[in-house]
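For reference, the structure is listed below as structure tokens.
The values are calculated or read from the model by the stated rules, or taken from the named source; none is laboratory data. Computed from a prediction, not measured in an experiment: that's the story for all the values here. So basically every Cβ, Gly included, is an ideal-geometry build from the backbone, and we count neighbours across all protein chains shown.
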């Protein structure tokens, strides 16, 4: 038995005018149901709430303004789940809705609770259906975020495979319509993507395109999870384990959820500027960040917030959870820990960022 996370975008579930296509949804359910009948655990990350709300609201096409998008998502979430529930019930399977945002999945305080929820649903034989909580989004709703959300969910549930379903059958060297464009069957590292044009591959309904799918693949494979990217029509073939679409091979090993969160999903609150010595200590020796190696502070943050750690040239070389407020740090810059403790007391005997709370993103 294996555990698979399947992500499907709006463009793979909708008609050309943006409404949910019952036949496409039924095909997806049949593929997922087949995997469940073989004994696999499956978590479905599904876009489509806004599209499902268009019909009940009498909207001819996907709205452009945020308020109407949120209204459509509010109506559509229930309608979409009703369709999924009906289709899965025909296969003898029950579903459970899990509404998440990237923030919900990646905040450390919520991670354990979310993991336990998924574990219990899967133990009970339920098919969890995950969607970004578009109804309460505070910025422009972007379906592409569900690609990254799916990668984080795959890590959260300890998946053996992430399947990203698109409206194209894999990753091509250029837009599939261009002469000479060819399917890339396997990606073992970023070197295999050199020269690949992914910017123009997208659809009228889902706004993520290939860019967010490749980024999602990077997140999952860096955590040791292989990824298959293919079309929704190939869902059953992919879930049967057959070679289809583009397979991204793992590039790293499973890491703690906190470090994955820092590397790929944290919204940093500010930046800490480093000197060359601090950059070497962090990237070459795996050391903690001390005040002695800091040259400046940018932004407003509190102790415990994620911050970017910036090299002298301006590049972000790491992210970490800072142990001081932005108002405290300026008076400590360039000073040794011993000097700081001698003046301010034992409460200041701590690293600015401990190495266990730090993720190196690039090495000079």
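Can you spot a residue in the range 333-352 that is modelled with pLDDT of 95 or more, touching a helix residue (DSSP H, G or I) at 6+ places or on another chain (Cβ under 6 Å), farther than 19 Å from residue 218 by Cβ and surrounded by 14 or more Cβ atoms within 10 Å (Cβ to Cβ)?
yes
Looking at the range 307-356 only, could you name the residues that are without any contact (Cβ under 8 Å) to a residue 40 or more places away in the chain and in a strand (DSSP E or B)?
Passing the criteria: only 310.
Specify which of the listed residues (320, 304) is under 13 Å from residue 354 (Cα atoms), modelled with pLDDT under 95 and crowded, with 18+ Cβ neighbours inside 10 Å.
That would be 320, the only listed residue that is under 13 Å from residue 354 (Cα atoms), modelled with pLDDT under 95 and crowded, with 18+ Cβ neighbours inside 10 Å.
Give the residue, chosen from 236, 220, 243, that is assigned by TED's automatic domain parsing to the domain that holds residue 13, closer than 30 Å to residue 40 by Cα and free of Cβ contacts under 8 Å to residues at least 60 places away in the same chain.
Just a single option satisfies the conditions, and that option is 243.
With respect to residue 80, determine if the residue is touching a strand residue (DSSP E or B) at 6+ places or on another chain (Cβ under 9 Å), part of a helix (DSSP H, G or I) and buried (at least 16 other Cβ atoms within 10 Å of the Cβ).
yes
Quick check on the range 96-109: of everything there that is farther than 30 Å from residue 37 by Cα and surrounded by fewer than 17 Cβ atoms within 10 Å (Cβ to Cβ), which residue is modelled with the highest pLDDT?
Per the criteria, the residue is 109.
Mind checking which pairs have a first residue in the range 48-68 that is assigned by TED's automatic domain parsing to the domain that holds residue 14 and over 18 Å from residue 22 (Cβ atoms) and a second that is in a loop (DSSP other than H, G, I, E, B) and at pLDDT 85 or above, Cβ under 8 Å, 6 or more apart or different chains?
The qualifying pairs are 68/59.
For residue 93, state whether it is in contact with a strand residue (DSSP E or B) (Cβ under 8 Å, 6 or more places away or on another chain) and either exposed (fewer than 15 other Cβ atoms within 10 Å of the Cβ) or in a loop (DSSP other than H, G, I, E, B) (or both).
Spelling it out, residue 93 is indeed in contact with a strand residue (DSSP E or B) (Cβ under 8 Å, 6 or more places away or on another chain) and either exposed (fewer than 15 other Cβ atoms within 10 Å of the Cβ) or in a loop (DSSP other than H, G, I, E, B) (or both).
Counting only residues that are surrounded by fewer than 24 Cβ atoms within 10 Å (Cβ to Cβ) and modelled with pLDDT of 90 or more, which one in the range 135-168 is nearest to residue 25 (Cα to Cα)?
161
Scan 85, 46 and give me the residue that is at pLDDT 85 or above, touching a strand residue (DSSP E or B) at 6+ places or on another chain (Cβ under 7 Å) and within 28 Å of residue 211 (Cβ to Cβ).
Matching residue, one of 85, 46: 46.
Evaluate the range 293-301: report whether one residue or more is crowded, with 19+ Cβ neighbours inside 10 Å and touching a helix residue (DSSP H, G or I) at 6+ places or on another chain (Cβ under 6 Å).
Looking for residues that are crowded, with 19+ Cβ neighbours inside 10 Å and touching a helix residue (DSSP H, G or I) at 6+ places or on another chain (Cβ under 6 Å), one finds at least one in the range 293-301, hence yes.
Just name the residue that is nearest to residue 153 (Cα to Cα) out of those in the range 208-245 that are out of contact with any strand residue (DSSP E or B) (no Cβ under 8 Å at 6 or more places or on another chain) and assigned to a loop (DSSP other than H, G, I, E, B).
Among them, the one singled out is 223.
In the set 116, 77, which member is within 19 Å of residue 10 (Cα to Cα) and either at pLDDT 85 or above or in contact with a helix residue (DSSP H, G or I) (Cβ under 8 Å, 6 or more places away or on another chain) (or both)?
Within the list 116, 77, the selection yields 77.
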